[in-house]
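Asker: Take a look at the following structure, please.
The values are calculated or read from the model by the stated rules, or taken from the named source; none is laboratory data. Keep in mind that what you see is a predicted model, and the values were worked out from it rather than measured. Here the Cβ positions follow ideal geometry from the backbone for every residue, glycine too, while neighbour counts run over all protein chains shown. Protein only, heavy atoms only, side chains kept; ligands, DNA and RNA dropped before computing areas. Shrake-Rupley method; radii C 1.70, N 1.55, O 1.52, S 1.80 Å.
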Amino acid sequence: AIGTALVALMFVYFSFTLPDPNTLLQRTVPESTKIYDRNGELLYEIHGEAKRTLVQLDAISPFVKNATVAVEDKDFYKHNGISVRGILRSVWVDVTSGSKQQGGSTITQQFVKNAVLTNEKTFTRKIKELILSIEIEQKFSKDEILKLYLNEIPYGSGAYGAESAARTFFGKSAKDLDIAESAYLAALPQAPTRYSPYGNHLDELTARKDLVLARMHEYKYINDEEYATSTAEEVKF
């Protein structure tokens with residue numbers, strides 16, 4: 001009882017120090033400056049360290065959305081922002097290994113970590129992350145949260161968000177990506193630098209892409225034929 005009371009008090013205390021989730025949709029997110037020709041074709045993109053183009057969810061291929069959910073958070077449409085099982089697994093691995101390497105974060109938590117808080121691995125930041133994730137799930141629909149996530153997540157090579165990543169790696173819009181390309185895109189956020197298709201670990205990226213496709217097949221996002229075809233497809237970056 002005392003432990004429960006202390007946890008409740010801790011949540012209340014941190015809640016007063018956190019940003020209001022209602023402001024997330026109204027905040028200003030910096031985008032790249034684009035220069036087009038008279039026909040609407042993109043000529044140049046001017047950006048700092050981060051390339052970003054914000055798009056609506058319907059401007060992203062459903063394969064990208066399904067691949068992301070399949071590999072990052074298969075219960076995304078079922079939980080309330082946090083996964084108790086994932087948290088317990090993360091704590092157990094961290095304690096037994098003596099490190100803080102295990103993930104266990106939902107898509108909502110990953111959005112909070114990347115867009116609202118910081119990446120520091122501390123107990124207080126994790127508490128803030130859990131509180132904000134629960135509050136965001138209460139205020140926004142799953143599609144709104146997925147849109148926020150897919151516009152924020154870093155994919156490497158300076159690309160933030162699915163649209164910028166699709167143009168960076170495949171030279172096309174996120175809405176035009178096929179299954180295999182979408183699987184590659186969903187594979188990148190776990191380790192954007194190491195998995196970069198322009199680096200020395202393309203074999204590891206391909207292995208993770210195959211894992212994404214296997215998950216998509218297991219969770220019925222793609223059928224047997226689509227799985228076989230996309231696994232065999234040779235994607236050009």
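Asker: Place a +1 charge on the Cβ of each Lys and Arg in the range 111-156 and a -1 charge on the Cβ of each Asp and Glu, then give the dipole magnitude about the Cα centre in debye, rounded to the nearest 20. Display every interim value, and only then the final one.
Answerer: Values: 8 positive and 7 negative charges, 36 e Å.
That gives a dipole near 180 debye.
Asker: Among LYS74/LYS147; LYS113/LYS142; LYS78/LYS139; LYS78/LYS147; LYS113/LYS147; LYS74/LYS175, which pairs are too far apart, with a Cα-Cα distance over 19 Å? Spell out each step's value before the answer.
Answerer: Numbers: LYS74/LYS147 16 Å; LYS113/LYS142 17 Å; LYS78/LYS139 16 Å; LYS78/LYS147 17 Å; LYS113/LYS147 15 Å; LYS74/LYS175 22 Å.
Pairs exceeding 19 Å: LYS74/LYS175.
Asker: Rounded to a whole number, what % of the accessible area of the range 109-152 do carbon and sulfur atoms account for, probe 1.4 Å?
Answerer: 48
Asker: Could I ask something else about it? All other residues with a Cβ under 15 Å from the Cβ of HIS201 taken together, and with Lys, Arg as +1 and Asp, Glu as -1, what is their net charge?
Answerer: Values: positive: ARG194, ARG208, LYS209; negative: ASP203, GLU204, ASP210.
Computed value for this residue: 0.
Asker: Using 0.36 nm per residue of separation minus the Cα-Cα distance, give me the extension gain between VAL84 and ASP203 in nm, one decimal. Can you show the working numbers first?
Answerer: Numbers: separation 119, 0.36 × 119 = 42.84 nm, distance 3.28 nm.
Taking VAL84 through ASP203 to full extension adds about 39.6 nm, to one decimal.
Asker: Continuing with this model, one more query. Between ASP75 and LEU117, 0.36 nm times their residue separation minus their Cα-Cα distance comes to what?
Answerer: 12.8 nm
Asker: Quote to one decimal, in nm, the extra length available between LEU57 and THR231 on full extension: 0.36 nm per residue of separation minus the C-alpha distance between them.
Answerer: Details: separation 174, 0.36 × 174 = 62.64 nm, distance 2.55 nm.
So the extension gain works out to 60.1 nm.
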